[in-house]
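Participant: Here it is, the structure in full.
The values are calculated or read from the model by the stated rules, or taken from the named source; none is laboratory data. Source: prediction; values computed, not measured. Please note: Cβ atoms are built from the backbone with ideal geometry, for glycine as well, and neighbour counts cover all protein chains shown. The accessibility values were calculated without ligands, DNA or RNA, using every heavy atom of the protein model including side chains. Shrake-Rupley method; radii C 1.70, N 1.55, O 1.52, S 1.80 Å.
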Amino acid sequence: MSDTSSKEHPPQLLDRVVIRFAGDSGDGMQLAGDRFTTSSALLGNDLATFPDFPAEIRAPAGTLAGVSAFQVHISDHDISTPGDAPNVLVAMNPAALRANLDTLPPGATIIVNVDAFEERNLRKAGYEVNPLGDGSLSAYTVYEVPMTSITTEVSKDAGVKPRDAERSKNFFALGLISWLYTRPVEATAAWVNERYADKPLVQEANLRALKAGFHFGETAELFESSYEVRPAELAPGEYVNITGNTATAWGLIAAASRSGLPLFLGTYPITPASDILHELSKHKEFGVRTFQAEDEIAGIGAALGASFGGALGVTTTSGPGIDLKAEMIGLAINLELPLLIIDVQRGGPSTGLPTKTEQADLLHAMYGRHGEAPLPIVAPKTPSDCFAATLEAARLAVKYRTPVMLLSDGYLANGTEPWRLPEIDELPVIDPGFATGTNHVDGDGVAAFWPYLRDPDTLARPWAPPGLAGLEHRIGGLEKEDGTGNVNYDGANHERMTRLRAAKIAGIANDIPPTELDPGEGDAAILVIGWGSTYGAIAAGVQRARARGHQVAHAHLDHLNPFPADLGDVLSRYEKVLVPEVNLGQLSRLLRAEYLVDAISFTQVKGVPFRAASMESAILELINARGVGPVPGGPSEGAPPAEHPGRTFPSNGSNGKVAD
Amino acid sequence: MTDLADAPTGDQAVAVPLTTRKDWSSDQEVRWCPGCGDYSILAAVQMLMPELGVRRERTVFLSGIGCAARFPYYMNTYGLHSIHGRAPAIATGLAATRPDLDVWVVTGDGDSLSIGGNHLIHALRRNINITILLFNNQIYGLTKGQYSPTSEVHKVTKSTPFGSLEQPFNPLSLALGAEATFVARTHDMDRKHMMEVFRRAHAHRGASFVEIYQNCNVFNDGAFEAITGKDQRADMLIPLVHGAPIRFGTEGQRGVVMRTDGTVEIVDATSVDESELLVHDEHRDNPGLAFQLSHLAAGPTEPTPVGIFRDVERPEYGTEMRRQVDQVIERRGPGDLHHLLRSGSSWTVE
Ligand SMILES: Cc1ncc(C[n+]2csc(CCOP(=O)(O)OP(=O)(O)O)c2C)c(N)n1
Ligand code: SF4
Ligand SMILES: [Mg+2]
């Protein structure tokens, strides 16, 4: 099995491929995709993944609502998105085929589990006639593989009941795709051995299915050839493949370790944020305390209580959960205590799209509290960047004694990419800078502790957790006198405190890097600027436009409040500013308000990330509108390969653009 | 990562200094209405603190919003006046991470039973190491006199001019139903009784719940007069004494017995044999009898038990949380960030 190439047909080289595993929620497609990703990562490919699963845990089997998919993009060069359109679709049943067909470009390969294409399943998927027989798939190369029957057959003599054996068909599919793309299956076999060590029958059935799939590819002569995607030229170093949620959890542990603060997570389970809780709760050896509260309010309340006690208090949530936390965030702003609020954004309003991504909480993070209540906002741009962004959020929270909002999203949370591991001692050190003694002498010469006596540089107040004699003090949500912290309702004092709180946050602009700008070559007239998880799609879209000979600049914001100090300057250098977002135009509003710039909003809210192709066409449209015709040039790096023609998307023609 | 509870603050080596009430009083002017029952509760707490042998710097008073919730400002300790109803949640994070602290939660009947009801029951169930003082005045004081979840049905208030329609909560029954390990009741007219109950509540490890009948002389004056008035007390308050038969009345002429169906009733103690009287047992594992006693009076107009209803031991949350952390560290060794990042399958690019 280690000889992965078929002798007669040497594998064909591909520079990249996008594979989509799709099946029923119970079919184990996430697992198959994940294992395929791991072996590709171990082979050294660059990659990006996009798990796309239904909100229902088990929608009725065989229905469109129950289809769960995992898309992986592997490449021999640097890539930034999970791919617009799959080159290969693995469809475990008719519903999986139907649900994903419109993402497939003509010429794509479809591998179906033909056993599942029987009348009942066809009906459930809404097919009147079998699409495998009616010519409707003629634009594709379709391979019909009896996955269920082979999988059951190979485990017949292993003592596994046929019903149980059948459940290993995801491993058959994985084995087959592994052969097709020349991935060794040893690592997966080892994983199966370990994972199912206490279930020998399941272990055996999965191993047999995996091998059967691989051998089927080799021997069935169905496929003209296998393919190979060579390792990418990644910077030297040690890599892991990581999801955004895991990177966030590890970033929290790193923040605790680099600050010496005990980590306390107070949270309430909600998709897609829960995995941060799951991951953190595994790592008590770091002194991590995780608390599953009775609701989101208690989650953040407990985190704030822990911060008051001198811990690094963190809360994680998503969707409706962030609404519930608003009042406590306001208290934390008033108390001026460090606190991390991690919002893994999902589609809304209300319960909305629990498992789908969106970027629509930016204005909520900015303004979603009563009163003047500013807080810093940080957003990761890729799954692995969640690590650094979390550390940065913690740095700001501790240094400025303020709650900080980290805006991740569903796509980052579950998507993966290879991450070059940092050296620990390169990570920033966070100094808690606890108060150590009294800081004021009263008129009568008595030493006192004033909880709101600010650091003149940062405007941050002292952090004095209970425990030190002489520093006893009372704080609360009522307006307080600057300095003493005593309750104070005086109008002039309130004005002073309101402006001080705002100035403290605004001042952070001097403590963050300048705008991350890729100006491109030459004089670009157009700037595309984004934030958060759109980074990869924007980068790819900009690359494609450049490959067509256009000058386009790309800026990305890691800090949404305050903005980098040079942002106004950067924006003013470009004639047109395009702002793609997975919302109805939130950053564009902030940029317009802040800098009087004619930001052009380009938005979609379909629960999925932007495609590079739609980004490209939005950029091209803007270029054409400017009257500068595209400079002819062959597609190269980043441009869509011929078999994936870039699509064009309608514009709504009004104040914004709509992507697919 | 250090554990703040272990952080050397230097005070462990030094004996707890002797203090007086004055040391525990902050410099802030107390701003309750003149005559409010809150004053006497504050006095009882401030007078008790020097007797407890605890340190001011290891003591935290935490509250939500309401008249009662102003309490922390008046204590010369660490203090946090938070938001309406959420103090038990905030206290949970504090107490769970700082087992070295004495955390007191001061709350009102609206604060803890209306907006914060959920946090209260969960803090009790989890047995968080906090001492909850619920100032029950059966009214919303701070918002100027609306009915509260402990107001009697038909109560006429600003928001219920034709009378409220709601069955009130019985705070003690609620706490017992929420698996509280320490449940007690006292009232603002008897400083000695308050101090004794608070002392016991403080000594209890885990969540202690104390209901204090508190007079709001502005919006609900005299709500407890029928039982706490100097002349009424002997006949209307039923002192619960651990290990003793439950009796009351100026001559001890009335007592409590258990009926055959498990409910309790007040009887003429002179007409039954002493052995038939119910002997109070704070440590009874089953909360059923304590629940019966909490329901003995339908409201503060009938003979009402006061004192400690229940005091049982159960693992305390913060200690358990810490034990779990310690166990994992012992098994795996202290966490190493370098290894954590490599805990999945990593690969090297040369
Ligand atoms: C979220 C929120 N809702 C409402 C209020 C207004 N409010 C303040 S105190 C209070 C009721 C207080 O009653 P109680 O807890 O019984 O305290 P008391 O004033 O009687 O001591 C209300 C409704 C608030 N501060 N916050
Ligand atoms: S309103 Fe009532 S409870 Fe509030 S301070 Fe005045 S008397 Fe006391
Ligand atoms: Mg009240």
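Participant: Could you say whether any residue in the stretch B:54-75 is more than 9 Å from chain A (Cβ to nearest Cβ), among the acidic types (D, E), open to solvent by 10 Å² or more (accessible area, probe 1.4 Å) and within 23 Å of B:R199 (Cβ to Cβ)?
Facilitator: Taking every residue of the stretch B:54-75 in turn, none turns out to be more than 9 Å from chain A (Cβ to nearest Cβ), among the acidic types (D, E), open to solvent by 10 Å² or more (accessible area, probe 1.4 Å) and within 23 Å of B:R199 (Cβ to Cβ).
Participant: Could you list, in sequence order, the residues of the stretch A:446-474 that are open to solvent by less than 60 Å² (accessible area, probe 1.4 Å), within 12 Å of chain B (Cβ to nearest Cβ) and touching a Lys or Arg at 6+ places or on another chain (Cβ under 9 Å)?
Facilitator: A:P451, A:W463, A:P465, A:P466, A:G467, A:E472
Participant: For the condition over 21 Å from A:T37 (Cα atoms), within 8 Å of chain B (Cβ to nearest Cβ) and small (G, A, S), what is the one hit in A:A293, A:A235, A:A220?
Facilitator: Step by step, each of A:A293, A:A235, A:A220 is checked, and only A:A293 is over 21 Å from A:T37 (Cα atoms), within 8 Å of chain B (Cβ to nearest Cβ) and small (G, A, S).
Participant: Determine, yes or no, whether B:A96 is within 16 Å of ligand 3 (Cβ to nearest atom) and at pLDDT 95 or above.
Facilitator: It is false that B:A96 is within 16 Å of ligand 3 (Cβ to nearest atom) and at pLDDT 95 or above.
Participant: Is one or more of the residues making up the stretch A:611-618 in a helix (DSSP H, G or I), under 20 Å from A:G520 (Cβ atoms) and open to solvent by 30 Å² or more (accessible area, probe 1.4 Å)?
Facilitator: No, because not a single residue in the stretch A:611-618 is in a helix (DSSP H, G or I), under 20 Å from A:G520 (Cβ atoms) and open to solvent by 30 Å² or more (accessible area, probe 1.4 Å).
Participant: Any residue at all in the stretch B:126-147 that is part of a loop (DSSP other than H, G, I, E, B), more than 9 Å from chain A (Cβ to nearest Cβ), open to solvent by 10 Å² or more (accessible area, probe 1.4 Å) and more than 16 Å from ligand 1 (Cβ to nearest atom)?
Facilitator: yes
Participant: Okay, next question. Assess whether B:T107 counts as being within 16 Å of ligand 2 (Cβ to nearest atom) and under 20 Å from B:Y317 (Cβ atoms).
Facilitator: So B:T107 fits the description; yes.
Results for (1) of a type in the set (S, T, Y); (2) within 16 Å of ligand 1 (Cβ to nearest atom); (3) in contact (Cβ under 8 Å) with a residue 40 or more places away in the chain, shown as yes or no for each residue.
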| site | (1), (2), (3) |
| --- | --- |
| B:C36 | no, yes, yes |
| B:Y39 | yes, yes, no |
| B:M47 | no, no, yes |
| B:E51 | no, no, yes |
| B:P88 | no, yes, yes |
| B:T97 | yes, no, yes |
| B:L101 | no, no, yes |
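Participant: Under 30 Å from B:M49 (Cα atoms), out of contact with any His (no Cβ under 9 Å at 6 or more places or on another chain), within 16 Å of ligand 2 (Cβ to nearest atom) and not aromatic (F, W, Y) - does that describe any residue in the stretch B:160-173?
Facilitator: No, the stretch B:160-173 has no match at all.
Participant: Identify all residues within the stretch B:148-175 that are under 19 Å from the mean Cα position of the chain (by Cα), surrounded by fewer than 24 Cβ atoms within 10 Å (Cβ to Cβ) and more than 16 Å from ligand 1 (Cβ to nearest atom); write none if there are none.
Facilitator: B:S173
Participant: Could I ask something else about it? With the condition being within 14 Å of another protein chain (Cβ to nearest Cβ), I'd like the helices (runs of 4 or more DSSP H) fully within the stretch B:279-350 carrying at least 1 qualifying residues.
Facilitator: It comes to B:317-332, B:337-341.
Participant: Within the bounds of the stretch A:263-283, is there any residue that is open to solvent by 10 Å² or more (accessible area, probe 1.4 Å), within 7 Å of another protein chain (Cβ to nearest Cβ) and at negative phi?
Facilitator: The answer is yes, given that some residue of the stretch A:263-283 is open to solvent by 10 Å² or more (accessible area, probe 1.4 Å), within 7 Å of another protein chain (Cβ to nearest Cβ) and at negative phi.
Participant: Also, I was wondering about something else. Residues that are farther than 30 Å from A:R461 by Cβ and of a type in the set (K, R): list the strands (runs of 3 or more DSSP E) wholly contained in the stretch A:505-578 that include at least 2 such residues.
Facilitator: Where strands (runs of 3 or more DSSP E) fall fully within the stretch A:505-578, none carries at least 2 residues being farther than 30 Å from A:R461 by Cβ and of a type in the set (K, R).
Participant: Output the number of the condition that A:N241 fails; it satisfies all remaining conditions of (1) more than 10 Å from chain B (Cβ to nearest Cβ); (2) closer than 30 Å to A:L396 by Cβ.
Facilitator: (1) is the only condition that A:N241 fails.
Participant: Looking at B:L293, B:L340 in this structure, which one is within 19 Å of B:A201 (Cβ to Cβ) and free of Cβ contacts under 8 Å to residues at least 60 places away in the same chain?
Facilitator: Result of the check over B:L293, B:L340: B:L293.
Participant: If a residue must be buried (at least 20 other Cβ atoms within 10 Å of the Cβ) and within 14 Å of chain B (Cβ to nearest Cβ), how many such residues does the stretch A:193-214 contain?
Facilitator: Summing the residues that are buried (at least 20 other Cβ atoms within 10 Å of the Cβ) and within 14 Å of chain B (Cβ to nearest Cβ) in the stretch A:193-214 gives 0.
Participant: Hey, A:I342 hits all of (1) surrounded by fewer than 24 Cβ atoms within 10 Å (Cβ to Cβ); (2) within 30 Å of A:P456 (Cα to Cα) but one; which does it fall short on?
Facilitator: Status for A:I342: all satisfied but (1).
Participant: Every residue in the stretch A:299-324 that is outside any helix (DSSP H, G or I) and either more than 11 Å from chain B (Cβ to nearest Cβ) or without any contact (Cβ under 8 Å) to a residue 12 or more places away in the chain (or both), please.
Facilitator: Passing the criteria: A:T316, A:T317, A:S318, A:G319.
Participant: All but one of (1) touching a Phe, Trp or Tyr at 6+ places or on another chain (Cβ under 7 Å); (2) open to solvent by less than 10 Å² (accessible area, probe 1.4 Å); (3) part of a loop (DSSP other than H, G, I, E, B); (4) not acidic (D, E) hold for A:N130; which doesn't?
Facilitator: Exception for A:N130: condition (2).
Participant: Scanning for something more than 17 Å from A:S40 (Cα to Cα), among the small types (G, A, S) and away from every other protein chain (no Cβ under 14 Å), does the stretch A:170-186 turn up at least one residue?
Facilitator: No - not one qualifying residue is present in the stretch A:170-186.
Participant: Also: In the set A:H494, A:H550, A:H556, which member is open to solvent by 30 Å² or more (accessible area, probe 1.4 Å) and not β-branched (V, I, T)?
Facilitator: Exactly one residue qualifies, and that residue is A:H494.
Participant: Do we find that A:A249 is more than 9 Å from every other protein chain (Cβ to nearest Cβ), in contact (Cβ under 8 Å) with a residue 60 or more places away in the chain and not in a strand (DSSP E or B) in this structure?
Facilitator: In short, no.
Participant: Determine, yes or no, whether B:N118 is of a type in the set (S, T, N, Q) and more than 16 Å from ligand 1 (Cβ to nearest atom).
Facilitator: no
Participant: Then there's this: Within the stretch B:88-112, which residues are over 16 Å from A:F291 (Cα atoms) and either surrounded by fewer than 24 Cβ atoms within 10 Å (Cβ to Cβ) or facing chain A (nearest Cβ under 10 Å) (or both)?
Facilitator: Correct list: B:D100, B:L101, B:D102, B:V103.
Participant: Quick check on the stretch A:162-169. Is at least one of its residues in contact (Cβ under 8 Å) with a residue 12 or more places away in the chain, within 22 Å of A:V67 (Cβ to Cβ) and open to solvent by 40 Å² or more (accessible area, probe 1.4 Å)?
Facilitator: yes
Participant: Do you know which of the residues in the stretch B:250-272 that are assigned to a loop (DSSP other than H, G, I, E, B) and open to solvent by 90 Å² or more (accessible area, probe 1.4 Å) is nearest to B:F309 (Cα to Cα)?
Facilitator: Taking the candidates together, the pick is B:R259.
Participant: Which ones in the stretch B:150-172 are within 13 Å of ligand 3 (Cβ to nearest atom) and within 26 Å of B:H202 (Cα to Cα)?
Facilitator: B:T150, B:F169, B:P171 - these are the residues of the stretch B:150-172 that are within 13 Å of ligand 3 (Cβ to nearest atom) and within 26 Å of B:H202 (Cα to Cα).
Participant: So is A:V487 of a type in the set (A, V, I, L, M), within 14 Å of another protein chain (Cβ to nearest Cβ) and over 20 Å from B:F61 (Cβ atoms) or not?
Facilitator: no
Participant: Among the listed residues A:V112, A:V72, identify the single one that is more than 18 Å from A:G415 (Cβ to Cβ) and in a strand (DSSP E or B).
Facilitator: A:V112
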